[in-house]
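Below is one structure, written out as structure tokens, with a few remarks after it.
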Amino acid sequence: MLSIKEMRERLPKEFMEFLYEKYTPVKVDQILLGMTSERYTTLRVNTLKYDIQSLMKYFKENNIKFERVLWYKDALIIKNANEKQIQKLDIYENGYIYLQSLSSMIPPIVLNPKEGEKVLDLTAAPGSKTTQISALMNNNGYILANELDKIRYERLKYNIEAQGAKIVEVINGRGEKIGDNYIEYFDKVLLDTPCSGEGRFIINSLATYRDWSPKKVKELTKTQRKLIQSAYKALKTNGIMVYSTCTLNEEENENILKWALENLDLKLLDINLKLKEAEIALNKAIRVLPSKETEGFFVAKMIKKS
């Protein structure tokens, strides 16, 4: 295993400087260890086709060890099988389960979509959260799932069909324009925005951080501000917006939120989830740190006041 010193030297210098500015050395070491561990395979049952009791029975019969997730009854942590092994199972082929990081499951739970509501997933591919939202709504209501990238759009359509999410309309367009086309139309909006992906860095995988740079972070914040404005326009008064990223820096997280709260009529709400890996940001948002079970993530919940 790499030493802490070797871990620090592998990651971008400016990224390490950010970590030491924000966290104590002990906490930085904890984050680095979370970026070296091979994470457990995690998944959720697709309740549109299956149920958690049947899934647990299936895994026991096939000698697949698992652990329940305390804050989400439909999710499991797999202890003795990797993703490729799970993908060979018939329950995967049939769309009974969805392989998804635990952190990625948080935003739809926080959004808390209800049956009959209109929901916008502004940057939706590959469909992890879109299909989870559809399951939470029991396929009753309407979801508009947008994706800009054509290849990712096709993947989004495939996953939605495989999971039996029948209330989803998929479009291929610029998220920045959606708000002008659907003014105050949606009860709830999920903005899981494009980001620099620091929460998904794996120290032994250069591909996960090769393209990272302070310049790229700054460019992304411009897009994030445009997307949050679009999400705001599309949201009804008293509607709920969830903003999430899989990154750790304040520029794409707290600073985007501060900008939105100052420039749009939004109010930050509490997130009532008990997550051992999470810390509080801006008194109400949460930052999940990388660990053996979770990717780094940031989640904020807001209400549109007028």
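The table below lists the values:
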{"item": "Among the residues listed as Glu251, Glu176, the single one being assigned by TED's automatic domain parsing to the domain that holds Thr123 and within 22 Å of Ser306 (Cα to Cα)", "result": "Glu176"}
{"item": "Per-region count, region 238-254, residues touching a strand residue (DSSP E or B) at 6+ places or on another chain (Cβ under 6 Å) and surrounded by fewer than 21 Cβ atoms within 10 Å (Cβ to Cβ)", "result": "1"}
{"item": "Odd one out for Ile228, checked against (1) surrounded by fewer than 20 Cβ atoms within 10 Å (Cβ to Cβ); (2) in contact with a strand residue (DSSP E or B) (Cβ under 8 Å, 6 or more places away or on another chain); (3) under 30 Å from Glu14 (Cβ atoms); (4) not charged (D, E, K, R)", "result": "(1)"}
{"item": "Tally of residues being outside any loop (DSSP other than H, G, I, E, B) and either under 21 Å from the mean Cα position of the chain (by Cα) or modelled with pLDDT under 95 (or both) across region 180-205", "result": "10"}
{"item": "Evaluation of Tyr243 against (1) more than 18 Å from the chain's Cα centre (by Cα); (2) on the phi < 0 side of the Ramachandran plot (one fails), failing number", "result": "(1)"}
{"item": "Set Glu293, Glu252: member being at pLDDT 95 or above and either touching a helix residue (DSSP H, G or I) at 6+ places or on another chain (Cβ under 8 Å) or within 20 Å of Leu19 (Cβ to Cβ) (or both)", "result": "Glu252"}
{"item": "Single residue of region 258-277 satisfying the filter (touching a strand residue (DSSP E or B) at 6+ places or on another chain (Cβ under 7 Å) and either among the β-branched types (Val, Ile, Thr) or modelled with pLDDT under 90 (or both)) that is nearest to Asn238 (Cα to Cα)", "result": "Ile271"}
{"item": "Wholly within region 209-306, strands (runs of 3 or more DSSP E) carrying at least 1 residues that are among the acidic types (Asp, Glu)", "result": "278-281"}
{"item": "In region 157-169, the residues that are touching a residue at least 40 places away in the same chain (Cβ under 8 Å) and touching a Leu at 6+ places or on another chain (Cβ under 6 Å)", "result": "Gly164"}
{"item": "Hey, Leu120 under 13 Å from the mean Cα position of the chain (by Cα), buried (at least 24 other Cβ atoms within 10 Å of the Cβ), outside any helix (DSSP H, G or I) and not aromatic (Phe, Trp, Tyr) or not", "result": "no"}
{"item": "Some residue of region 109-124 being touching a residue at least 60 places away in the same chain (Cβ under 8 Å) and among the polar types (S, T, N, Q)", "result": "yes"}
{"item": "Hits in region 99-123 (condition: under 21 Å from Gly141 (Cα atoms) and not aliphatic (A, V, I, L, M))", "result": "Pro107, Pro108, Asn112, Pro113, Lys114, Glu115, Gly116, Glu117, Lys118, Asp121, Thr123"}
{"item": "Ile109 in the same structural domain as Lys188 (by TED's automatic domain parsing) and assigned to a helix (DSSP H, G or I)", "result": "yes"}
{"item": "Unique residue being buried (at least 16 other Cβ atoms within 10 Å of the Cβ) and under 16 Å from the mean Cα position of the chain (by Cα) when the list is Leu136, Leu144", "result": "Leu136"}
{"item": "Out of Lys60, Lys27, sole residue that is within 30 Å of Tyr92 (Cα to Cα) and basic (Lys, Arg)", "result": "Lys60"}
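The values are calculated or read from the model by the stated rules, or taken from the named source; none is laboratory data. The structure presented is a predicted model; accordingly, all values stated were derived computationally and were not measured. Cβ sites come from the backbone with ideal geometry, for glycine too, and all protein chains shown count toward neighbours.
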